[in-house]
Amino acid sequence: MKTISQIKTIIKATASKAVLIAVLLFAATQISAQSNQQKTKEIEVSSSLGTLKQINAGLLNVGYTEAGPSNGTPVILLHGWPYDIHSYNEVVPILVSKGYRVITPYLRGSGTTRFLSKDTFRNGQQAALASDIIALMDALKIDKAIIGGFDWGARTAVVMAALWPERLQGLVSVSGYLVVNLEANLKPLPPKAELGWWYQYYFATERGKAGYAQNTYEFNKQIWQIASPLWNFDKATYDQTAQSFDNPDHVAIVIHNYRWRQSLEAGESKYDSLEKRLAARPAIKVPTITIASDFDGAYADGKAYADKFTGKYAHRILKGIGHNVPQEDPKAFAQAIIDVDAFGKN
């Protein structure tokens, strides 16, 4: 039988261990918080976009900005490549002034978005990117949102509308119906059209992969100039976005995306069923506004894809601007979001 002295010693030791555990847990929490703060401070985000936040969603810890009332109609704005959330610098304030809750996430491989596991395949295929945004909506407890985007962002938005129409209140897509068709992509295009995809073929080579990794800043600046020849952006504007290329997964995601499109690299089997549905070129039933610009050339009239949108639909042509529509004509892009919202209400 233990003496009173022995019992007191045991109690003291147990209490000490409990205190030690509590201290260690607190320290771990502080380290984690500091880590997240450091991640947030990696990029200087325009105040017009709202507050930069991080949240675990699916395979990612997603960096995103949020602005507007928490009870406002959710709008999620998706950027393209080689762009980032700052394409929406002037769009967000317009939407916030109308009472919308605006969320602008960094896509995988961009900005402060990180993979939760080092073992996750760095996949750039369309179904993976769309699944990321569905996971983000789930994490933020958003059942339904208006989704708008251009370039990769438009493709992601259209894929979401095709696969999960119940999650979209409306869709705004620059350049229309951008679902990748792998079989169609195997067929050669006329020489002039092939020239426009020079970077895709460059990325198909190991030289291209190394070149992009080595010269990301200048490479992407050149893409901006080619895609928007009339847009006289300054160094500060470009540099604001270029911060987001300094992401450990940026090169891997970009290279895989373009190689996957040419069937040079495989996607992941877990997305096969989604890709099979997309290969059937499903119609988009949600209210939609598509936007074309000078970048779209002969396809600017939208006739090539108008029949893919079977819900309430409108097509708009913006002249004198290039591919980065929300940054080159923010008022027109914001108005499209507002108008497609009205489509769903009328």
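Here, each number is a calculation from the coordinates, and none is a lab measurement. What you see is a predicted model, and the numbers here were worked out from it, not measured in a lab. Neighbour counts are summed over all protein chains in view; Cβ atoms, including those assigned to glycine, are modelled from backbone coordinates with ideal geometry.
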Can you put I76, I142 in order of Cβ neighbours within 10 angstrom, beginning with the fewest?
I142, I76
Pairs over 30 Å Cα to Cα, from K98/K118; K144/K319; K53/K331; K118/K331; K192/K312; K235/K308, come to K98/K118; K144/K319; K118/K331; K192/K312; K235/K308
Region 104-186: Cα Rg divided by the 2.2 N^0.38 Å rule of thumb:
1.11
Mind ranking 307-319, 98-110 by how tightly packed they are, going by the mean number of other C-beta atoms within 10 angstrom, highest first?
98-110, 307-319
Using amide H atoms built in the peptide plane, which far-off residues or other-chain residues are under 5 Å from F309 H to H?
I284
Would you mind calculating the relative contact order of region 260-310 from Cα pairs under 8 angstrom and at least 6 residues apart, reporting the percent as a whole number?
36
Amide H proximity to Q169 below 5 Å, modelled H, separation 5+ or other chain, gives A145, I146, I147
What ³J(HN,Hα) values, in whole Hz, does the Karplus curve 6.51 cos²θ - 1.76 cosθ + 1.60 give for region 335-344 when θ = phi - 60°, with x put for Gly and Pro?
5, 5, 4, 4, 5, 5, 5, 5, 3, x
How much mean residue ellipticity at 222 nm does the chain get from its helices, if each DSSP H run of length 4 or more adds -39500 (n - 2.57) and you divide by all residues, to the nearest 500 deg cm²/dmol?
-13500 deg cm²/dmol
Cross-link reach list, aspartates and glutamates versus K221, counting only Cα pairs under 20 Å and skipping chain neighbours closer than eight places
E44, D84, D151, D234, D239, D246, D249, D294, D296, E328, D329
Please tell me the relative contact order of the chain in percent, rounded to the nearest whole number, where contacts are Cα pairs under 8 Å and at least six residues apart.
20
Between L60 and residues 5 or more places away or on another chain, which pairs have amide H atoms under 5 Å apart, with H built 1.01 Å from N, and which residues are they?
L116
Where GluC sites (Glu not before Pro) fall in DSSP loop in region 249-343, at most 16 other Cβ within 10 Å:
E265, E268
From the list (1) -0.26, -0.44, -0.55; (2) -0.45, -0.63, -0.70; (3) -0.32, -0.50, -0.60, can you say which value of log10 I(q)/I(0) by the Debye sum over Cα atoms at q = 0.07, 0.09, 0.10 Å⁻¹ was derived from the structure given?
(3)
